[in-house]
Amino acid sequence: MVDHDSRAVRHIHDELHSHLPAEPALRVKALESLLIEKGLVDPRTVDAWVEGYSEEIGPKRGARMVARAWVDPAFRELLLSDAAEAAAQFGFDGTGISHLTAHENTDDVHHLVVCTLCSCYPQGVLGIPPTWYKMAAYRARAVREPRGVLEEFGVRLSDEVEVQVWDSTAELRHMVVPQRPADTEGWSEERLAKLVTRNSMIGTDRDLSRMVKEAT
Amino acid sequence: MTANEAAIGPLARTDGEPAFEEPWQAEVLALAYALAERGVFSRVEWSDTLGAELRAASARGEPDTQATYYAAALAALEQLLAARSDVGGEAVAARTEQWRRAYLNTPHGAPVELSAGASKPSAHHHDHDHDHDHG
């Protein structure tokens, strides 16, 4: 995913200097150039956003928070009670962090995050939302039949496991804290963070033990 | 492709796709972010307007794709700017046309400057769109 995105960023620069762009691209250029002239937008902000969100942030920030919560009980408590403050402790900022809430999966409860209205997402810790998160099908089905959606992503829950669906808004955004997989005792935070998939922090992934196998 | 590909539904199939198919799609979100940061409109207004555009696209029977999503995002941005700033209507249409001319007047490989859009494009070149691969 990172490869695709960095390619997309390079493409942005190439694209500006080649053939006649498509209609929407011309409309965006028109808006951007007018906004810059009027001082409403700083071109560096736009460039930094595109590069920062596609290359640096991605879901890595969220993964680091989850890994710390796995090894540090005090941080775990903070993440679950005040995720915005937990993100601030890492020095993370950006879209969707100021009112972030984290929900911890357990043996009995599985959490799933959606934005039924559009695509609200804690970009400051998870990067750009995946394609499916923005699709009408996900936005509708995650609420109507979450178990069906989960099965589509390979997550099969027994009937005893309760599914809680969280609807993100512009003001309140959610992330999931997946369960720490077995056989990872003594692992460093850094190593643990690599096990945490983006989807596990949205809720369309649950059992990270396959990641342990890949890592060992 | 995995052995159980047939079992994978339409949502999961898009997992791992790049977040943007075209550079302008990233720019739309970046502009919306910058303008919300600056207070030209609020994040709630952005979310409401984008949500309304997405519902309208769905009601029109547009396909459930990234292209539809970003077209809705661009429409939402244009709508909010027209309501909240003087970047709208004729000014945007005129500037769009000026950029089009600038591209048509600039040879391949040379940087495209807006000033090149002041005159009408010469008829002999760039009168058609090349079939470039957008990857």
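The values are calculated or read from the model by the stated rules, or taken from the named source; none is laboratory data. The shown structure was predicted, so the numbers you read here are calculated from the model rather than taken from an experiment. Cβ sites come from the backbone with ideal geometry, for glycine too, and all protein chains shown count toward neighbours.
Assess whether B:T65 counts as being among the β-branched types (V, I, T), closer than 21 Å to A:P21 by Cα and surrounded by fewer than 17 Cβ atoms within 10 Å (Cβ to Cβ). Please lay out each step first, then the result.
Numbers: among the β-branched types (V, I, T): yes; closer than 21 Å to A:P21 by Cα: yes; surrounded by fewer than 17 Cβ atoms within 10 Å (Cβ to Cβ): yes.
Answer is yes for this residue.
For segment A:190-216, a tally of residues being out of contact with any Gly (no Cβ under 8 Å at 6 or more places or on another chain), among the aliphatic types (A, V, I, L, M) and not in a loop (DSSP other than H, G, I, E, B) returns 6.
Residues are listed down the side, and each one gets a yes or a no for (1) farther than 19 Å from A:G62 by Cβ; (2) modelled with pLDDT of 95 or more; (3) in contact with a helix residue (DSSP H, G or I) (Cβ under 6 Å, 6 or more places away or on another chain); (4) assigned by TED's automatic domain parsing to the domain that holds A:R76:
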position	(1), (2), (3), (4)
A:V161	yes, yes, no, yes
A:T169	no, no, no, yes
A:E185	yes, yes, no, yes
A:E189	no, yes, yes, yes
A:V196	no, yes, yes, yes
A:N199	no, yes, no, yes
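Segment A:28-91 holds helices (runs of 4 or more DSSP H) entirely within its bounds, and those carrying 2 or more residues that are modelled with pLDDT of 95 or more and not basic (K, R) map to A:60-71, A:73-81, A:83-89. Of everything listed in (1) surrounded by fewer than 24 Cβ atoms within 10 Å (Cβ to Cβ); (2) touching a Pro at 6+ places or on another chain (Cβ under 6 Å), the single unmet condition for A:G127 is (1). Output yes when any residue across segment B:65-84 is part of a loop (DSSP other than H, G, I, E, B) and at the interface with chain A (Cβ under 7 Å from one of its Cβ atoms), and no when none is. No, that holds for no residue.
Run down B:V28, B:V44 and say which single residue is assigned to a helix (DSSP H, G or I), crowded, with 19+ Cβ neighbours inside 10 Å and either in contact (Cβ under 8 Å) with a residue 60 or more places away in the chain or at the interface with chain A (Cβ under 7 Å from one of its Cβ atoms) (or both). Criteria check complete, one pass: B:V28. Here are some conditions: (1) out of contact with any Leu (no Cβ under 9 Å at 6 or more places or on another chain); (2) surrounded by 10 or more Cβ atoms within 10 Å (Cβ to Cβ); (3) modelled with pLDDT under 55; (4) not basic (K, R). B:H125 meets all but one. Which one does it not meet? So B:H125 meets the others, but not (1).
If we only count helices (runs of 4 or more DSSP H) wholly inside segment A:112-189, which ones have 3 or more residues that are under 18 Å from the mean Cα position of the chain (by Cα)?
Working: elements: A:123-126, A:131-134, A:136-144, A:146-152.
Correct list: A:123-126, A:131-134, A:136-144.
Only residues that are more than 7 Å from chain A (Cβ to nearest Cβ) and either of a type in the set (V, I, T) or closer than 16 Å to A:E37 by Cβ (or both): list them for segment B:94-105, please. Let's see the steps before the verdict.
Here is the first cut: in segment B:94-105, the ones more than 7 Å from chain A (Cβ to nearest Cβ) are B:94, B:97-98, B:101-102, B:105.
Those that are more than 7 Å from chain A (Cβ to nearest Cβ) and either of a type in the set (V, I, T) or closer than 16 Å to A:E37 by Cβ (or both): B:A94, B:Q98, B:A102.
Among the residues of segment A:173-183, is any in contact with a strand residue (DSSP E or B) (Cβ under 6 Å, 6 or more places away or on another chain) and either within 24 Å of B:R55 (Cβ to Cβ) or loosely packed, with under 15 Cβ neighbours inside 10 Å (or both)? Full working, then the answer.
Step one: list which residues in segment A:173-183 are in contact with a strand residue (DSSP E or B) (Cβ under 6 Å, 6 or more places away or on another chain), which gives A:173-177.
Subset that is either within 24 Å of B:R55 (Cβ to Cβ) or loosely packed, with under 15 Cβ neighbours inside 10 Å (or both): A:173-174.
Yes, because at least one residue in segment A:173-183 is in contact with a strand residue (DSSP E or B) (Cβ under 6 Å, 6 or more places away or on another chain) and either within 24 Å of B:R55 (Cβ to Cβ) or loosely packed, with under 15 Cβ neighbours inside 10 Å (or both).
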